[in-house]
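Novice: The structure follows.
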Amino acid sequence: MALQFYNTASRKKEIFTLPEGVPAVRMYCCGPTVYHFAHIGNLRTYIFEDFLVRTLKYYGYKVNHIVNITDVGHLTSDADSGDDKMEKGAAREGKSVWDIAKFYTDAFMADWHRLNIQEPTRWTPATQHIQEQIDLVKTLEEKGYTYRTSDGIYFDSLKFPRYADFARLDVENLRKGSRIDMGEKHNATDFALWKFSPKDKKRAMEWDSPWGVGFPGWHIECSAMAMKYNGPTLDIHCGGTDHIRVHHTNEIAQSECANGVPFARFWMHGEFLRTASEEKLEDGTTEQKFGKMSKSSGEFLTVTLLMDRGFNPLDYRFFAIGSHYRNYLNFTWEALTGAKEAFKSLHKKTDPLIGKATAITSEAAKAFQNEFKDAIGDDLNMPRALGIMNTMLKSDIDDGEKAALVADFDKIFGLKLDQPREEYAKKGANDGVDTAKIEALIAARKEARAAKNWAESDRIRDELAAMNVVIKDSKEGTTWSIKE
Ligand code: AMP
Ligand code: ZN
């Protein structure tokens, strides 16, 4: 079967090949904004991109894989307003913005390696490519796509008639939308290419430009760095689905207006990791709702936290393999524990095979290999690929071939199945928690509820919440857990 990927641009699976004469896949992935730790949702997207890179290599392609580091302080909203994220991070921690960028870049790369994500061909920090961004804005200005307001240089989205196509946007409504704070923008879909520093304040990060001292708008870095390292047309551009509507739409507009050629042949987007939150219903019970894990909400889980709770980072990688990248993945501790157990039992089968690999010669073994290649080549169907590995391990092909196939498949899984399983010391979810007190409070709350004393039951609930205890009521009774 031919290698094929779902292309967000066409909303279809398409066969992937490289144009004649292109020596390596020209790939660009939107990287982290380094004002805080990456959460495991962000990392799910990078794990998906890692499966993609590994699959391209398995199919014999070289890959020029570029990942940017957004270390410039951008404004917190897509509408080019709000606080500067880096400056917020610096104020939170009493450090300089440059220290914040360095600290969180290092932390990000540590997580990247812990999850056994392959090193990209090149990391490209935005602050090291300011001139390239200025040059691109100059090109857009010369071609008549920009206008100036009192706070910056903006891209005029009306001059790009295809603006709405990629994200299938209802621009009519968007542009009419009165809720959007447009400032001096001509259209709601216009966006900043260069922002001026405020006149009364020196920003921690600012640069000279032909238009005045300031800093780049947050979309321009990706276009500028993608072009610098991969030319005007990419073969694959990746990111999370949240980037489709604004960030990638804007990247396309500015890149295609500057260069006059398609910006990317394939657009691939990873779906969200979601976490549960408790919603209180009118009858006093609660319901679990899953929503996107997000950095700005402040409620997010990190790889370090998983390790503190006794998980190997690769348990999380294994968890990510269990669902297709275009589906939501709902995170719960139970689900992660389930993945850890399944990964352990996989290790029980693969650990005894370490060092035993022979050549793959039997028809049965070759058939497993072909099936596996088809699965990963079918828009990265990792759950199916994992199923094939399990079936293969249960089959009666000999151990030497099994070992060789495990090593071959692990080129994609990246689970380090050539090494025995490493256990992490479990701190224990409930260490330091006064279980007796929690149980007593829950019993008291039950009594208060039976007496319809809602004020008392709410007070107890708040007391538990202050102890970081989350309670869940159901027909079977009340259960509790410690909130992260
Ligand atoms: P950021 O650091 O916020 O720019 O995000 C880095 C990458 O993570 C981007 O490709 C986002 O689209 C992606 N992302 C953000 N939140 C999630 C999530 N909950 N699940 C999966 N990917 C996400
Ligand atoms: Zn980007």
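Any read-out appearing in this document is the output of simple, stated calculations on the displayed coordinates, not a laboratory observation. All values derive from a computational prediction rather than experimental measurement. As a convention, Cβ positions derive from the backbone with ideal geometry for all residues, glycine included, and neighbour counts pool all protein chains shown.
Novice: Just to confirm my numbers, what's the Cα centroid distance between segment 176-241 and segment 304-380 in Å?
Specialist: The distance from the Cα centre of segment 176-241 to that of segment 304-380 comes to 40 Å.
Novice: Is the shape of segment 4-270 rounded, prolate or oblate, going by the alpha carbon gyration tensor and its root eigenvalues a ≥ b ≥ c, with a/c under 1.5 for rounded and a/b larger than b/c for prolate?
Specialist: Numbers: a/c = 1.69, a/b = 1.19, b/c = 1.42.
It comes out oblate by the Cα gyration axes.
Novice: Could you check what % of the DSSP bridge pairs in the chain are antiparallel, to the nearest 5?
Specialist: Numbers: 30 of 53 bridges.
Of all bridge pairs located within the chain, approximately 55 percent are antiparallel.
Novice: Could you size up the charge dipole of the chain around its Cα centre, putting +1 on the beta carbon of Lys and Arg and -1 on that of Asp and Glu, and report it in debye to the nearest 20?
Specialist: Values: 66 positive and 72 negative charges, 44 e Å.
With only Lys, Arg, Asp and Glu charged at Cβ, the dipole is about 220 debye.
Novice: May I pose another question? Take every Cα pair under 8 Å in segment 4-270 that's 6+ residues apart, average their separations, divide by the length, and report that relative contact order as a whole percent. Let's see the in-between values first.
Specialist: Values: 424 pairs, mean separation 63.1, N = 267.
With pairs under 8 Å counted, the relative contact order is 24 percent.
Novice: Please list the equivalent ellipsoid semi-axes of the chain, computed as the square roots of five times the alpha-carbon gyration tensor eigenvalues, in descending order and whole angstrom.
Specialist: Details: eigenvalues 313, 249, 81 Å².
Output for the chain: semi-axes of 40, 35, 20 Å.
Novice: Run the reach check for residue 452 against lysines, Cα to Cα strictly under 20 Å, same-chain hits fewer than 8 apart removed. What comes back?
Specialist: 280, 472, 475
Novice: Next question, about the same structure. Normalised by the number of residues in segment 298-430, what is the relative contact order in percent for Cα pairs under 8 Å and 6+ residues apart? Could you put the intermediate results ahead of the total?
Specialist: Working: 134 pairs, mean separation 51.5, N = 133.
Value for segment 298-430: 39 percent.
Novice: Moving on. Using modelled amide H (1.01 Å from N, peptide plane; none on Pro or chain starts), what sits under 5 Å from the amide H of residue 6, excluding residues fewer than 5 places away?
Specialist: 14
Novice: Applying a 10 Å radius around every beta-carbon, put 25-38, 258-271, 135-148 in order of their mean neighbour count, most first.
Specialist: Details: 25-38: 24.6, 258-271: 19.6, 135-148: 17.4.
Packing proxy ranking, top to bottom: 25-38, 258-271, 135-148.
Novice: Could you work out [θ]222 nm for the chain from helices alone, using -39500 (n - 2.57) per DSSP H run of at least four and dividing by all its residues? Round to the nearest 500 deg cm²/dmol.
Specialist: On the way: 15 runs with 192 residues, N = 484.
Result for the chain, helices only: -12500 deg cm²/dmol.
Novice: Apply the a/c threshold of 1.5 to the C-alpha gyration tensor of segment 340-408 and tell me whether it is rounded, prolate or oblate. Can you show the working numbers first?
Specialist: On the way: a/c = 2.02, a/b = 1.09, b/c = 1.86.
Taking the square roots of the gyration eigenvalues as a ≥ b ≥ c, segment 340-408 is oblate.
Novice: Then there's this: Within segment 54-177, what percent of beta bridges assigned by DSSP are antiparallel, to the nearest 5?
Specialist: Working: 5 of 9 bridges.
If we restrict to bridges inside segment 54-177, about 55 percent are antiparallel.
Novice: Another question, then. If contacts are Cα pairs under 8 angstrom and at least 6 residues apart, what is the relative contact order of the chain in percent? Intermediate results must be reported in sequence, preceding the final value.
Specialist: Values: 744 pairs, mean separation 77.9, N = 484.
So the answer I get is 16 percent.
Novice: Right, something else. Going by the alpha-carbon gyration tensor, a ≥ b ≥ c the square roots of its eigenvalues, is segment 298-430 rounded (a/c under 1.5) or, if a/c is not under 1.5, prolate (a/b greater than b/c) versus oblate? List each step's numbers first, then the result.
Specialist: Numbers: a/c = 2.82, a/b = 1.61, b/c = 1.75.
Since a/c reaches 1.5 but b/c is at least a/b, the shape of segment 298-430 is classed as oblate.
Novice: If you don't mind, another one. Looking at 116, 264, 19, which one has the Cα that reaches farthest to the positive end of the dipole of the chain (charges on Cβ: Lys, Arg +1; Asp, Glu -1)?
Specialist: Of the candidates, 19 comes out farthest on the positive side.
Novice: Okay, moving on. A 27 angstrom limit on the alpha carbon distance is what I want to check against. Which of 95/195; 102/202; 292/411; 102/159 exceed it? Walk me through the intermediate numbers first.
Specialist: Details: 95/195 24 Å; 102/202 21 Å; 292/411 30 Å; 102/159 38 Å.
The answer is 292/411; 102/159.
Novice: So which of 138/201; 85/344; 289/340; 340/394 end up more than 29 Å apart, counting from Cα to Cα?
Specialist: On the way: 138/201 26 Å; 85/344 40 Å; 289/340 24 Å; 340/394 20 Å.
In this structure, 85/344 lie more than 29 Å apart at Cα.
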